[in-house]
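Everything on this sheet refers to the single structure shown next.
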Amino acid sequence: MFARRGVRLLAVIIGVIALPSVAALVWYHHTRDPTLRPLGITKAALSEHEVTRSSEVVAHLFWNATGETGLSKDFAQSLVQAFDIKQVDLRVIVTDSNGADTTVLFTVGASRIGPFPKDRAVKGVNAAIAAFHMLTNNELEAPGN
């Protein structure tokens, strides 16, 4: 009788200790997020995880449709052309600024550059391209890639 009770107690202790790791491992296999991998977080795994979603340049164009004479599509196309000259892909998201001035906010990885007024957007273009090159150079030099 004591042996059965001891075996049950041992099984409960093992279950309590192992259950969080097993749950984290199952969730890791479901999401592929390396921060959830029990006892397996490495710099290489974290940098590999970040590479897949950070090396993109996004321009958030807040357009004042009532105050601007041109079309947002034309301005967005000029931004894309400016990035194409430097051989960097750009994704432009246009939203209405609800009467506020037209501005451009560049997002490169975790960096936010701006907002810049429409007439000074070229300064943001240069800064975003420089940030993109810094980000991609760091990705190339990261261990494990």
*Once you put a point 7 Å from the Cα of Glu68 and another 7 Å from the Cα of Ser21, both along the Cβ direction, what distance in nm separates them?*
5.6
*Any chance you could list the semi-axes, whole Å, largest first, of the equivalent ellipsoid that the Cα gyration tensor gives for segment 59-123, using √(5λ)?*
19, 14, 10
_Need the full-extension length gain, Met134 to Gln81, defined as separation in residues times 0.36 nm minus the C-alpha distance. One decimal, nm._
17.0 nm
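Values in this text are rule-based calculations from the coordinates and carry no lab data. Just so it is clear, the structure is predicted and the values come from calculations on it, not from any experiment. Virtual Cβ from ideal backbone geometry, glycine too; neighbours counted across all protein chains shown.
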